[in-house]
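Below is one structure, written out as structure tokens; comments come after it.
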Amino acid sequence: MNGLHHENGYLGKEPWWKDATFYQVYPASFKDSDGDGWGDIPGLISKIDYLHDLGVDVVWLSPVFESPQADMGYDVSDYQKIYAPYGTVEDVDALVEACHVRGMKLILDLVVNHTSIEHGWFKESRSSKTNPKRDWYIWKPARYNSEGQRIPPTNWRGYFAGPTWTWDEHTQEYYLHLYASEQPDLNWESEACREAIYDNTMRFWLERGVDGFRIDTVNKYSKRTEYVDASITDPSSTCQPAPEMWCNGPRIHEFIHEMRTKALEPYGAVSVGELSNTPHPSQVLPYVSSAARELDMVFEFSMIRLGTGGMFGPKYTYVPFTLPQMKAIVAKWQTFIEGTDGWTTVFCENHDNGRAVSRFGDCSTPELWQASAKTLALWQATLTGTLFLYQGQEIGMTNMPATWGIDKYKDVESLNFYAEAVASGDQKTIADTMHGLRILARDHSRIPFQWDDSPNAGFAEKGVKTWMQIHDEYRDINAAKQLVDQDSILNFYKRILQLRKKYKDLFVFGTFRLLQGEHKAIFSYVKESPHETSNSYPQTNGHSVNGHDGRKRAAVVVLNFSKDKQECLDVRDVFDCNDNDTIRLLVSTQHNEDDEGLTLGKNTSTPALQPWEGRVYVNF
Ligand code: NOJ
């Protein structure tokens, strides 16, 4: 059953989703089966064995519902229909079945902060001020400035540039949208609206056998209801960032608790919420405390946002960062659950960010690309929490080529930020924005998956025009090539996902302690298990337990985040070894499996780390 059921598992009582490996599929770009250049559900089903072989337990499918695609399906016009290019409701049933027969699970993307303007609820709501669904969305009258011009009810800036309000001629009011004007926000203050959301979206899909949801923008359901201006932090604009007005609002915990108890818990559904603008552990814990019964886990974004100029105006003005800064963020979010009943997640890619190997690794040569992608893999696989991978991460897919111009970018956010830069008329702003987009844009992770070296990279048939361009490097970077190469990134992922499961007490559930916090090139840390070395936990064949009975099982992870050879810290010292103790190399990014088990005996210094090498040593 692929490790999903742990009746006798870790401490015997942890929920299945804690040590599961999740894998996000961006369906438009995963696999096209019908020759329209757009990925689809039958295409995904044809690749389920690939995911199963990789070690994936749960597929997270980004939105496939009926949608005009103003924001790639995060604008749903019918929650119970499937956008025809993706397939049908029956195809989702078949996908559920394909997962379940392999012992895998399927979660869908639940987008219920907003709908599409094409959703029937919004059409009714905008039809008249007296429509019973009028208050299912957030409508406000206009204001007028001193010159008598109509202006929006507040000065808030939306995510995709521009105001959060759009004027509706028909009923002469503005409606609120935190994202595109095609994505009006639902009004969770209306109980009837909440009930309709639970029934129409969650129960409908859970009844069909889906196992849970990744929940979009989960902390924006409750807004502050005063609807007042935000203070002016960007004097050059009429729109101001205002997350304090619409994020983590006064009723948010009440709404999420209700959603869980009424719609998710009765089905045993797993939930992982997207929690942006919430950078303090004290704010995050109430969402993930198991006693609070809100969400099983959330995505906190401090790490993945490194390099952005913030979430609003200057988002795409790239801000370089250092390794110590990154390590401090990781340490903060690794340790914040220690001693609590909360849980955390591990991820470095998703559909809203550039590729990890391009942002945190090194793509300057094929050797460094491969070495750094493996070291990033080892980093992720040894961190505490539930691990999420994003499609293509396992083969080291990179950002779109730097030579590609703005015409290759399709995302509404990229295009709006670029247009805003152009409208400024300032050449430096335009150049800076384009530079930022080349590193950070959401488009990079959305280009078609590189399956093989055939035309269209095996994503679509030869001659088909794909919805986004195939990467220029698909002949060098593709899954087929890596499947047969024992040294590939893909095979390394397979191996370490197994190790993560085998030693889940250390990697999934262990405590985290950062070492060398100020080191500019090495990322090193200790993971410690609640189990002792004498514990009858599985041992790797041929290696005896060392003399440290009664000590905690521990791992020391040393990762060279640079292209230069680096002296390694003295690992025996970190373990506080006695002369008789043996420290064992569990895995290295630069050795194959046969070399492992190498020991660091008494008086042995830890060898230097090769460029972008990563290693894990253990004391058992
Ligand atoms: C977060 C999603 O991940 C992103 O892709 C989308 O644009 C917004 N929420 C709006 O739904």
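The values are calculated or read from the model by the stated rules, or taken from the named source; none is laboratory data. All values derive from a computational prediction rather than experimental measurement. Ideal geometry is used to build each Cβ from the backbone, glycine not excepted, and the neighbour counts take in all protein chains shown. The accessibility values were calculated without ligands, DNA or RNA, using every heavy atom of the protein model including side chains. Shrake-Rupley method; radii C 1.70, N 1.55, O 1.52, S 1.80 Å.
Can you tell me which residues in the stretch 583-597 are surrounded by 16 or more Cβ atoms within 10 Å (Cβ to Cβ) and either at pLDDT below 85 or among the hydrophobic types (A, V, I, L, M, F, W, C) (or both)?
The answer is Ile583, Leu585, Leu586, Val587, Glu596.
It is to be established whether one or more residues within the stretch 98-121 are aromatic (Phe, Trp, Tyr), open to solvent by less than 40 Å² (accessible area, probe 1.4 Å) and within 30 Å of His52 (Cα to Cα).
Among the residues of the stretch 98-121, not one is aromatic (Phe, Trp, Tyr), open to solvent by less than 40 Å² (accessible area, probe 1.4 Å) and within 30 Å of His52 (Cα to Cα), which makes the answer no.
Could you tell me how many of the residues in the stretch 174-190 are open to solvent by 30 Å² or more (accessible area, probe 1.4 Å) and away from the ligand (no atom under 16 Å from the Cβ)?
Qualifying residue count for the region: 1.
Of everything in the stretch 569-620, what is assigned to a strand (DSSP E or B) and touching a helix residue (DSSP H, G or I) at 6+ places or on another chain (Cβ under 9 Å)? Give them in sequence order.
Ile583, Leu585, Leu586, Val587, Ser588, Leu600, Gly614, Arg615, Val616, Tyr617, Val618 - these are the residues of the stretch 569-620 that are assigned to a strand (DSSP E or B) and touching a helix residue (DSSP H, G or I) at 6+ places or on another chain (Cβ under 9 Å).
Being over 24 Å from Pro63 (Cβ atoms) and out of contact with any Lys or Arg (no Cβ under 8 Å at 6 or more places or on another chain) is the filter here, so list the residues in the stretch 205-229 that pass it.
Arg224, Thr225, Glu226, Val228, Asp229
Do we find a residue being outside any loop (DSSP other than H, G, I, E, B), away from the ligand (no atom under 16 Å from the Cβ), β-branched (Val, Ile, Thr) and more than 28 Å from Ser445 (Cα to Cα) anywhere in the stretch 254-272?
yes
Does Ala423 satisfy the condition of being open to solvent by 10 Å² or more (accessible area, probe 1.4 Å), outside the structural domain of Pro85 (by TED's automatic domain parsing), part of a helix (DSSP H, G or I) and among the hydrophobic types (A, V, I, L, M, F, W, C)?
When the stated conditions are applied, Ala423 passes them.
Would you mention how many residues in the stretch 140-165 are in contact with an Asp or Glu (Cβ under 9 Å, 6 or more places away or on another chain) and within 16 Å of the ligand (Cβ to nearest atom)?
So the answer is 7.
Within the stretch 85-94, can one find any residue that is touching a residue at least 60 places away in the same chain (Cβ under 8 Å), aromatic (Phe, Trp, Tyr) and in the same structural domain as Gly212 (by TED's automatic domain parsing)?
There is no residue in the stretch 85-94 that is touching a residue at least 60 places away in the same chain (Cβ under 8 Å), aromatic (Phe, Trp, Tyr) and in the same structural domain as Gly212 (by TED's automatic domain parsing).
For the stretch 370-410, name all the residues that are assigned to a helix (DSSP H, G or I), surrounded by fewer than 24 Cβ atoms within 10 Å (Cβ to Cβ) and free of Cβ contacts under 8 Å to residues at least 60 places away in the same chain.
Matches in the stretch 370-410: Gln380, Ile406, Asp407.
Of the residues Val58, Val111, only one is out of contact with any Pro (no Cβ under 8 Å at 6 or more places or on another chain) and touching a residue at least 24 places away in the same chain (Cβ under 8 Å); which?
Residue meeting the stated conditions: Val58.
Going by the structure shown, is Val464 of a type in the set (Val, Ile, Thr) and open to solvent by less than 60 Å² (accessible area, probe 1.4 Å)?
yes
Please go through the stretch 426-445 and pick out each residue that is open to solvent by 10 Å² or more (accessible area, probe 1.4 Å) and either outside any helix (DSSP H, G or I) or not hydroxyl-bearing (Ser, Thr, Tyr) (or both).
Asp426, Gln427, Lys428, Ile430, Ala431, Asp432, Met434, His435, Arg438, Ile439, Arg442
Please indicate, with yes or no, whether at least one residue in the stretch 286-306 is among the polar types (S, T, N, Q), in contact with a helix residue (DSSP H, G or I) (Cβ under 6 Å, 6 or more places away or on another chain) and either within 16 Å of the ligand (Cβ to nearest atom) or outside any strand (DSSP E or B) (or both).
Taking every residue of the stretch 286-306 in turn, at least one turns out to be among the polar types (S, T, N, Q), in contact with a helix residue (DSSP H, G or I) (Cβ under 6 Å, 6 or more places away or on another chain) and either within 16 Å of the ligand (Cβ to nearest atom) or outside any strand (DSSP E or B) (or both).
Among the residues that make up the stretch 61-77, is at least one of them touching a residue at least 24 places away in the same chain (Cβ under 8 Å), away from the ligand (no atom under 14 Å from the Cβ) and not hydrophobic (A, V, I, L, M, F, W, C)?
No; the residues of the stretch 61-77 include none that is touching a residue at least 24 places away in the same chain (Cβ under 8 Å), away from the ligand (no atom under 14 Å from the Cβ) and not hydrophobic (A, V, I, L, M, F, W, C).
Go through the stretch 351-366 and report how many residues are touching a residue at least 24 places away in the same chain (Cβ under 8 Å) and open to solvent by 10 Å² or more (accessible area, probe 1.4 Å).
The total comes to 9.
Only one of Asn219, Asn248, Asn277 is within 16 Å of the ligand (Cβ to nearest atom), in a helix (DSSP H, G or I) and not charged (D, E, K, R); which?
Asn219
Taking the stated definitions as given, is Tyr159 modelled with pLDDT of 95 or more, within 30 Å of Gln24 (Cβ to Cβ), not assigned by TED's automatic domain parsing to the domain that holds Asp71 and not β-branched (Val, Ile, Thr)?
So Tyr159 fits the description; yes.
Do you know which of the residues in the stretch 474-486 that are open to solvent by 80 Å² or more (accessible area, probe 1.4 Å) and not β-branched (Val, Ile, Thr) is nearest to Lys374 (Cα to Cα)?
The qualifying residue nearest to Lys374 (Cα to Cα) is Gln486.
Within the stretch 191-200, is there a residue that is within 16 Å of the ligand (Cβ to nearest atom), open to solvent by 10 Å² or more (accessible area, probe 1.4 Å), at negative phi and out of contact with any Asp or Glu (no Cβ under 8 Å at 6 or more places or on another chain)?
no
Restricting attention to the stretch 103-143, which residues are basic (Lys, Arg) and either more than 30 Å from Val58 (Cβ to Cβ) or out of contact with any Phe, Trp or Tyr (no Cβ under 9 Å at 6 or more places or on another chain) (or both)?
Answer for the stretch 103-143, where residues must be basic (Lys, Arg) and either more than 30 Å from Val58 (Cβ to Cβ) or out of contact with any Phe, Trp or Tyr (no Cβ under 9 Å at 6 or more places or on another chain) (or both): Lys123, Arg126, Lys129, Lys133, Arg134, Lys140, Arg143.
For the stretch 103-116, indicate whether the set of residues that are more than 21 Å from the chain's Cα centre (by Cα) and away from the ligand (no atom under 16 Å from the Cβ) is non-empty.
yes
Can you name the number of the only condition in (1) touching a Leu at 6+ places or on another chain (Cβ under 9 Å); (2) of a type in the set (Val, Ile, Thr); (3) closer than 20 Å to Phe347 by Cα that Ile256 fails?
(3)
Arg224 fails exactly one of the following numbered conditions: (1) open to solvent by less than 70 Å² (accessible area, probe 1.4 Å); (2) at pLDDT 95 or above; (3) away from the ligand (no atom under 16 Å from the Cβ). What is the number of that condition?
(1)
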